[in-house]
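The values are calculated or read from the model by the stated rules, or taken from the named source; none is laboratory data. Since the model is a prediction, treat every value here as computed from it, not as a measurement. Please note: Cβ atoms are built from the backbone with ideal geometry, for glycine as well, and neighbour counts cover all protein chains shown. Remember, those area values only see protein heavy atoms, side chains included, never the ligands or the DNA or RNA. Shrake-Rupley method; radii C 1.70, N 1.55, O 1.52, S 1.80 Å.
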Amino acid sequence: MRNLLSRLFPQQATVSHRERVLSGLGGILAIFLTTLIAQRYIGGVTLPFMLASMGASTVLLLGAPHSPLSQPWAFAGGHLVSSFVGISCATTIPNVYLAAGLAVGLSISAMYYLRCLHPPGGATALLTVIGDQKIHMLGFHFMLMPVLVNVVVLLGVALIINNLIPGRRYPANIVLHGKTEAHHGDETPSPVKLSFDQEDLRAALREMDGYIDVSGEDLTRIYGLATLHAHQRGFGGMSLGDIMTHDVVTTKADTDLRALWAQMKKHGIRGVPVMGQDGRVVGMVTIVDFLNAVDWRICESFIHRLKDAFKRKSPSTAERIMSAPVITARVDTPLTEAFLTFSEHGINHLPVIETDGRLIGIVTRLDLLSALYGDRVGQQAK
């Protein structure tokens, strides 16, 4: 019985209850605002169009905002291109059945070639052929009003709602705030090092010769996450508390840079958490922060560059060069989540805190690799 039910009602998407509820609420708001504005400024002629395709577009834009079918150009181009094709067929082909078929079929091909495949666009093309006399009288003006106006309104609502919901990004290819400096290029970073690149994925998709409703960037991330979860099974449920260094070398915000450099050199470490007066971590100083504080144009040797940084007129303290706000993790964080944190933020040190914010340990990239590959990493690092 369970197998029969799974075949009759396959799971469409694995999303949380929160995501489902927020998508529904977003759809309510989007259609309410779009209908309200369209009825007020365009008139009753837009109502059939709203019922025919804007509701379907809302499902995509709010229910699957990361899908290639839901992106701004796919949404706008799909409706505009389809309306142009539909109007052309409606005005040149007297047979309504043939015109309807050609309108939808040619719209699909046109959207493919113009990289704006959007399923509700088919409804827009069909509406221009089978719609009432008011729509036919508009001719190509129908592309501007109501199509373009409705597209602009709904797209604006989708941009606002999707970017207000935590965890979403719309358009899907935008770079999230805080990750710009850590990664370069136009590819979404993978949580693990992969043995293939984006071009390999594109080649595989071309060989499948069918439309897959997922981008190459998302496929890369999915593969990386699956690999991490496979590793997590091998970890046996290990968390950061199992691999972290307990005796953490820390410093204060007003520590002199010379003293801080000597402290790091003495302990053979490359990063130090900066503690505030309340005992919480307020920043992180690494070798990279020292290097960023140096004017590389006027010095020749590495030692001279450091000396020049220390001699600056501004206060030479840890607070001046530290990275803040600092990225931290809880002691019970699974190792798979730690891999993601290191990858997404481009960091090498992760302070571990308790629920009250108290620092209790620190984990480095080398600690994670040692947990994954055992003593081989430690032997190679020596």
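For ARG20 and ALA203, the difference between the fully extended length at 0.36 nm per residue and the C-alpha to C-alpha distance is 62.6 nm.
Residue-wise HN-Hα couplings along the stretch 330-341, as the Karplus relation 6.51 cos²θ - 1.76 cosθ + 1.60 with θ = phi - 60° gives them from phi, are 7, 5, 8, 5, x, 4, 5, 5, 5, 4, 5, 4 Hz; Gly and Pro carry x.
Gain on full extension, evaluated as 0.36 nm per residue between ARG330 and LEU114 minus their Cα-Cα distance, stands at 73.1 nm.
Counting only protein heavy atoms and using a 1.4 Å probe, the accessible area of HIS141 comes to about 90 Å². With a 1.4 Å probe rolled over the protein heavy atoms of all chains, the accessible area of GLU199, GLU354 falls in the order GLU199, GLU354, largest first. Derived scalar couplings between HN and Hα for the stretch 258-275 equal 5, 5, 5, 4, 5, 5, 5, 5, 5, 8, x, 10, 10, x, 9, x, 9, 9 Hz in order, rounded to whole Hz, by the Karplus curve 6.51 cos²θ - 1.76 cosθ + 1.60 (θ = phi - 60°), x for Gly and Pro.
Extending 7 Å from the Cα toward the beta-carbon at both LYS134 and ARG258 defines two label points whose distance is 8.3 nm. Using R0 = 30 Å, the C-beta based FRET efficiency linking ILE360 and ALA226 works out to 0.45.
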